[in-house]
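What follows is a set of notes on a single structure, which appears directly below.
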There are 2 protein chains.
Amino acid sequence: MSDVARIAGVSPITVSRALREPHKVSDKLREQILEVIEDIGYVPNFAARALASRHSGTVAVLAPILEMSGFFHAAHGIEDRFHSSDVTTQFANIGLDAAEEAKLINLFVAQNPAGIILESVAEFPVNKPLITELGCPVVQMMDTSITPLDMGVGIRNRAAAKAAVEHLLSKGYRRIALLGGGKDIRSRRRFEGYQDALAEAGLYDPNYVFEASGSSPLEQGMKLVFDLGKRLPQIDAVFCHNDRLALGVYFGAQQIGLKVPEDLGICGYNGVDFADVEESPLTSVYVPLYDMGYKAAEMIMRYLSEGERPKKAVELPFEIIEGASTRR
Amino acid sequence: MSDVARIAGVSPITVSRALREPHKVSDKLREQILEVIEDIGYVPNFAARALASRHSGTVAVLAPILEMSGFFHAAHGIEDRFHSSDVTTQFANIGLDAAEEAKLINLFVAQNPAGIILESVAEFPVNKPLITELGCPVVQMMDTSITPLDMGVGIRNRAAAKAAVEHLLSKGYRRIALLGGGKDIRSRRRFEGYQDALAEAGLYDPNYVFEASGSSPLEQGMKLVFDLGKRLPQIDAVFCHNDRLALGVYFGAQQIGLKVPEDLGICGYNGVDFADVEESPLTSVYVPLYDMGYKAAEMIMRYLSEGERPKKAVELPFEIIEGASTRR
DNA sequence: CTGAAAGCGCTAACAT
DNA sequence: ATGTTAGCGCTTTCAG
């Protein structure tokens with residue numbers, strides 16, 4: 001930076017300002033400086049900037065990135081909102097371990113992020129004190145049934161799951177299995193919604209509840225159908241916790257010659273891949289993940305620029321999208 | 001850090017060492033210091049550390065993360081290798097735009113990363129000078145037909161695609177369409193492989209080559225089948241550039257009542273999701289993405305610890321996994 | 001609108 | 001094995 005300053009014939013601080021607060025530098029000087037920067041290929045050192053300014057200008061996104069969940073769509077929303085603003089995003093993967101999560105949050109907090117977007121699996125984060133003591137805005141992408149530590153955006157998974165199962169019921173399915181996963185809050189809410197719908201119809205039976213575990217979701221879905229060979233006559237639909245499980249169920253059914261949707265109805269969850277396909281092959285609960293990400297980023301920006309902080313979690317709508325897998 | 005030092009009754013540099021080079025501090029002192037750190041919840045400031053040490057200790061992973069490609073598997077490999085080492089990884093999304101890619105690389109390079117792992121789409125990176133001038137190790141995950149800027153790991157997409165099409169030929173399919181995507185090197189190599197196999201069999205026909213574009217891969221795959229309604233009798237198999245396209249083709253076929261694999265054979269690419277499923281529903285070219293990531297990370301570590309730098313790109317094996325979609 | 005001085009929190013290099 | 005000194009590259013604060 002001092003090189004730039006010397007060549008442009010100004011002081012370093014003016015270069016600094018030309019970069020961060022252009023309006024505080026005269027047009028002439030600014031252009032001159034920018035030209036030199038371009039010429040010599042100067043790039044600011046973020047570490048020095050962060051150290052001097054006491055904030056990193058980075059929004060940390062902590063999410064189960066590597067889980068192949070619908071997170072990508074949320075990530076796209078986040079990136080789109082931040083694009084061409086001056087905050088950068090940094091993604092970090094959190095697993096399913098609350099302790100690891102706390103550690104990671106701790107790490108990021110120490111770097112003075114401009115904000116944190118957290119798609120936490122942990123229901124009662126170990127990190128609550130950490131975050132509440134924190135100055136920066138924190139947005140949780142979550143189930144709106146819980147109270148966010150700071151700000152939150154999400155859907156009501158319980159209601160969504162209930163609606164999905166009610167859709168199956170409306171199609172005449174009666175013995176509806178649940179293929180669930182995870183013990184996190186969202187999974188539990190989905191289970192509750194499933195239970196709600198079936199209990200109301202007087203059809204709830206705990207024997208129909210299956211926990212997916214291990215290996216790939218696709219394989220789990222397939223295995224469920226195989227293992228259920230004997231029981232299958234009694235089961236006529238499966239509500240899956242995500243679309244990949246549903247896909248597995250679909251292929252499993254194909255393989256043992258079970259007709260979808262006639263013999264077996266299948267409903268997935270998230271639905272983002274098929275959402276804009278005209279004739280979706282798979283019925284699914286469409287969750288506005290992109291919007292959730294966009295909104296989360298929006299909330300960070302709002303707080304940063306205007307100090308506004310909605311006190312309640314923002315609830316986004318969900319939608320049941322009927323596809324070929326239940327259209328009978 | 002000076003607080004910690006004061007309370008522990010040592011100098012700051014000793015605290016610094018206790019953290020980074022434990023063996024250089026006596027056991028007694030180290031324990032004492034660690035205890036104080038725990039007590040007061042001290043967390044090091046990475047910006048200061050990076051500034052003082054002139055390196056960030058972070059490996060930047062630049063890849064089309066948001067493209068829903070097989071990148072996750074590679075990311076897992078990377079994380080697994082770096083896990084419990086002292087380097088942290090930072091993921092950044094690069095799009096399909098070479099100029100943007102150059103900008104991003106520029107940005108990261110300025111932060112003195114410990115290394116860079118690059119899954120570049122650009123064939124002749126704008127950033128070549130940038131990287132070659134760079135001190136840190138750079139690993140490209142790539143097609144091994146091109147020469148890496150520094151180090152490289154990948155597969156031969158041309159050979160893999162050829163093998164896949166030969167598999168289709170061996171199954172008696174004769175009018176094999178290509179559903180491709182992208183103009184990047186890997187896509188082009190796959191096209192060449194497709195061409196190789198069919199040309200050898202005297203069956204190559206450019207009319208069978210289709211470019212997927214826009215919207216979601218699943219939808220593109222489905223649309224291909226619909227649009228081909230008239231031509232379909234002439235086409236008896238589709239080789240797809242990735243598994244999602246293949247899935248779309250599969251569902252499209254289902255919807256118009258075309259039998260897979262009898263009437264239409266389908267082969268995908270990447271195959272990671274189905275690879276460990278006993279009875280895979282989809283024939284696919286299995287690409288060892290996890291291993292590629294792991295190996296890339298390994299190469300970075302090796303260079304960092306021992307200065308070793310293989311001069312040639314490391315080639316990993318691929319495998320054609322036969323699934324139900326071509327088993328006839 | 002521009003600049004001078006001071007210092008962000010840590011580590012490299014050089015002592016001891 | 002531990003400490004001292006200097007300074008990483010930038011931004012804050014205060015002056016003009």
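Since every read-out is calculated from the coordinates, none of them should be taken as a lab result. Fair warning: this is a prediction, and the values are worked out from it, not measured in the lab. No Cβ is skipped: glycine too gets one built from the backbone with ideal geometry, and neighbour counts run over all protein chains shown.
Can you pull out the GluC sites (Glu not before Pro) in the stretch B:129-208 that DSSP calls coil and that have at most 11 other Cβ atoms within 10 Å?
Details: sites: B:GLU133, B:GLU166, B:GLU192, B:GLU200; in loops: B:GLU133.
Passing both the DSSP loop test and the Cβ count: B:GLU133.
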- Top positive-direction residue, dipole computed over chain B with Cβ charges, set B:ASN112, B:PRO22, B:VAL287: B:ASN112
- Note on the structure: The set of residues whose placed amide H lies less than 5 Å from the amide H of A:ILE320, leaving out same-chain residues fewer than 5 positions away, is A:TYR286
- Query: ³J(HN,Hα) across the stretch A:20-34 via Karplus (A = 6.51, B = -1.76, C = 1.60, θ = phi - 60°), whole Hz, x for Gly/Pro?
  - Reply: 9, 9, x, 5, 8, 10, 4, 3, 4, 4, 4, 4, 4, 5, 4
- With only Lys, Arg, Asp and Glu charged, each at its Cβ (+1 for the first two, -1 for the last two), find how big the charge dipole of chain A is about the Cα centre; round to the nearest 20 debye. 620 debye
- Query: Along the stretch B:174-185, what does the Karplus equation 6.51 cos²θ - 1.76 cosθ + 1.60 (θ = phi - 60°) give for ³J(HN,Hα), rounded to whole Hz, x for Gly and Pro?
  - Reply: 10, 10, 9, 8, 10, 10, x, x, x, 10, 6, 4
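Provide the percentage of antiparallel DSSP beta bridges, counting only those with both residues in the protein assembly as shown; round to the nearest 5.
Antiparallel: roughly 10 percent of the beta bridges in the protein assembly as shown.
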- Message: Taking a point 7 Å out from Cα toward Cβ as the label site, list the nm distances between A:ASN207 and the same residue in every other copy, smallest first.
- Response: 5.8
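Report relative contact order for chain A in percent, whole number only (criteria: Cα-Cα under 8 Å, sequence separation at least 6). Don't skip to the answer; put the middle values down first.
Values: 610 pairs, mean separation 56.0, N = 328.
Contact order relative to length: 17 percent.
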- Query: Which lysines does B:LYS312 reach when only Cα atoms under 29 Å apart count, and residues fewer than 8 places away in its own chain are ignored?
  - Reply: B:LYS103, B:LYS128, B:LYS162, B:LYS183, B:LYS295
- Sorted by chain and number, the residues with a modelled amide H under 5 Å from that of A:ALA114, at a separation of 5 or more or across chains, are A:SER56, A:GLY57, A:THR58, A:VAL59, A:ALA60
- Message: Please report the antiparallel percentage of the DSSP beta bridges confined to chain A, to the nearest 5.
- Response: 10 percent
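Can you give the mean number of other chain Cβ atoms that lie within 10 Å of the Cβ atoms in peptide A:48-61?
On the way: counts 4, 2, 6, 8, 2, 1, 2, 1, 2, 0, 1, 0, 0, 1.
Mean partner-chain Cβ count within 10 Å for A:48-61: 2.
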- Cα centroids of the stretch A:60-92 and the stretch B:1-68: how far apart, whole angstrom? 28 Å
- Message: Nearest 10 degrees is fine. How inclined is helix A:157-170 to the longest principal axis of chain A, computing both from alpha carbons?
- Response: 30 degrees
- For A:SER53, A:SER213, ascending order of other Cβ atoms within 10 Å (fewest first) is A:SER213, A:SER53
- Just counting partner chain Cβ atoms within 10 Å, what average do the residues of peptide A:272-280 show around their Cβ? 5
- Hey, got the average number of other protein chain Cβ atoms within 10 angstrom for residues in B:215-223? 4
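Would you mind putting B:243-250, A:7-14, A:20-27 in packing order, based on average other-beta-carbon counts within 10 Å, highest first?
Working: B:243-250: 27.8, A:7-14: 15.2, A:20-27: 11.8.
Packing proxy ranking, top to bottom: B:243-250, A:7-14, A:20-27.
Mind running the shape call on the stretch B:1-44? Use the C-alpha gyration tensor, a ≥ b ≥ c as the square roots of the eigenvalues: rounded below 1.5 for a/c, prolate if a/b tops b/c, oblate otherwise.
Rounded.
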- Summing -39500 (n - 2.57) over every DSSP H run of at least 4 in chain B, dividing by its residue total and rounding to the nearest 500, the 222 nm mean residue ellipticity is -13000 deg cm²/dmol
- Task: Report, by chain and number, residues whose modeled amide H sits under 5 Å from the one on A:VAL209, excluding near sequence neighbours (fewer than 5 apart, same chain).
- Result: A:LEU178
- Message: Less than 14 Å Cβ to Cβ from B:GLU38, Lys/Arg counted +1 and Asp/Glu -1: what total charge do the surrounding residues give?
- Response: -2
- Query: Which of the peptides B:293-299, B:29-35 is most tightly packed, and how do the rest follow, judged by the mean count of other Cβ atoms within 10 Å per residue?
  - Reply: B:293-299, B:29-35
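Would you mind calculating the relative contact order of the stretch B:157-286 from Cα pairs under 8 angstrom and at least 6 residues apart, reporting the percent as a whole number?
On the way: 225 pairs, mean separation 33.2, N = 130.
Relative contact order comes out at 26 percent.
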- Note on the structure: The farthest towards the positive end of the charge dipole of the stretch A:157-286, of the residues A:VAL209, A:ILE176, A:PRO233, given +1 on Cβ of Lys and Arg and -1 on Cβ of Asp and Glu, is A:VAL209
- Sorting from shortest, the nanometre distances separating the label point of B:SER53 (7 Å past Cα along the line to Cβ) from those of the same residue in the other copies are 2.4
